[in-house]
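Let me begin by handing over the structure; questions about it come next.
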Amino acid sequence: MAIPKQPSGVGTCSDALYHQLFTHPVMVEQLVREFVPEAMAVGLDFARMEMAPTKFHSRRGKRREGDVIWRIPTSGGGDVLLHLLFEFQSRVDWWMSVRSQVYTGLLWQAIIKERKLKPGDLLPPVLTIVVYNGDRRWDAPNDVSQLIALPPDSPLWPWQPRVRYYLLDEGAFPNDELARRGTLTSLLFRLEHCHQVDDLVGLVDEVVGWFRQHLGHDTLRHLFTEIVAQAAHQVEGKGDVEIPEDLLEVRSMLATRAQEWKRQLLAEGRAEGEAEMLLRLLRRRFALAPEMEARIRQADSRQIADWGERFADGKSLTEIFGSDHAH
């Protein structure tokens, strides 16, 4: 399974993969329980939650299908519409609160039509959660009223919209705080911002452990295998990574690659030090062109050792490097 490289500045996972993850009730419940404690005060009944349609249209006919909407009943009667927006761009969207207001209006219009609401009926409340996985911290207003050019004492405020969204900026949570939670959602956020292969191997162990303790989530397990694969690609940082389709095999592969990457880094570090030493010796006797210095820095340890032996007796760059050396 070849996993495509993700754009720089964006987390490991794509919005399409997040969409699949959060069509699973366990992911939604963990997300709300862990990260949106205010929502729990209304007595959400996750056992009776249902996915709601997302194919609502703007006046221009543009569909909104990439997000996830759940209808969650409450213990006091009625229900809450949980609208998950996935924001996976390298830059922060300053106008997200305006977009959120538009989406809420479109969603309510769809509900009015679908449920055939009559005058006197009430609309279900909407909780919009923006899930953001970029490296830069989110600093856009989460309330549309913060974007309106009115002085605080203006008499026009009562007629201004007050739609807002709840932000989950994954990278803003300290890793040790997420590690204490031990749930799939916290593991997802940690995988998104994992940059060291040793840390990745440990995270895969935790993911495998979660699925061993919670049987019957085969589809989620497969999705997390894809997430781990993309995280491995991000850690390696080059080419496509061929990843097995089983988490245990992925873990074994990563442990092996971790050792290979360590040996490679040590070799690169040794070659770099040897190259700098040879350059210092050469500069004492010769004027080196930039091309020659670049050639030495790019060489491996074996080649540098060979040049070093020739340096002892070589009276010219040609005797050390051969006739094709750069002047």
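Quick one: Karplus J couplings for the range 145-157, per residue in order, coefficients 6.51, -1.76, 1.60, θ = phi - 60°, nearest Hz, x for Gly and Pro?
Along the range 145-157, the couplings run 5, 6, 9, 9, 7, 9, x, x, 9, 5, x, 7, 4 Hz.
For each of SER301, SER97, count neighbouring Cβ atoms within 10 Å of the residue's Cβ, then give the residues from fewest to most.
SER301, SER97
I would also like to ask the following. State whether the range 270-321 is rounded, prolate or oblate according to the following rule on the C-alpha gyration tensor (a ≥ b ≥ c being the square roots of its eigenvalues): a/c under 1.5 gives rounded; otherwise a/b larger than b/c gives prolate, and the remaining case gives oblate.
Oblate.
Something else about it: Can you sort HIS195, HIS83 so the residue with the fewest Cβ neighbours within 10 Å comes first? Please report the intermediate quantities before stating the final value.
On the way: HIS195 10, HIS83 23.
In increasing order of surrounding Cβ atoms, one gets HIS195, HIS83.
Okay, which of the range 163-187 sit inside 18 Å, backbone N to the point 7 Å along the Cα-Cβ direction of ASP139?
Residues 167-173 fall inside that zone.
How far, in nm, would the chain grow between TRP108 and ALA179 when pulled straight, counting 0.36 nm per residue and subtracting the alpha carbon separation? Walk me through the numbers before you get to the answer.
On the way: separation 71, 0.36 × 71 = 25.56 nm, distance 3.77 nm.
Difference between extended and current length: 21.8 nm.
For the range 176-193 and the range 68-139, what is the centre-to-centre distance using only Cα atoms, to the nearest Å?
25 Å
Please give the charge dipole size of the range 270-321, origin at the Cα centre, charges +1 on K and R Cβ atoms and -1 on D and E Cβ atoms. Round to the nearest 20 debye.
Once rounded to the nearest 20, the dipole reads 200 debye.
We did not get these values from a lab; they are worked out from the coordinates using the rules stated. Keep in mind the model is a prediction, meaning the values are calculated, not measured. Glycine also receives a Cβ, built like all others from the backbone with ideal geometry; neighbour counts cover every protein chain displayed.
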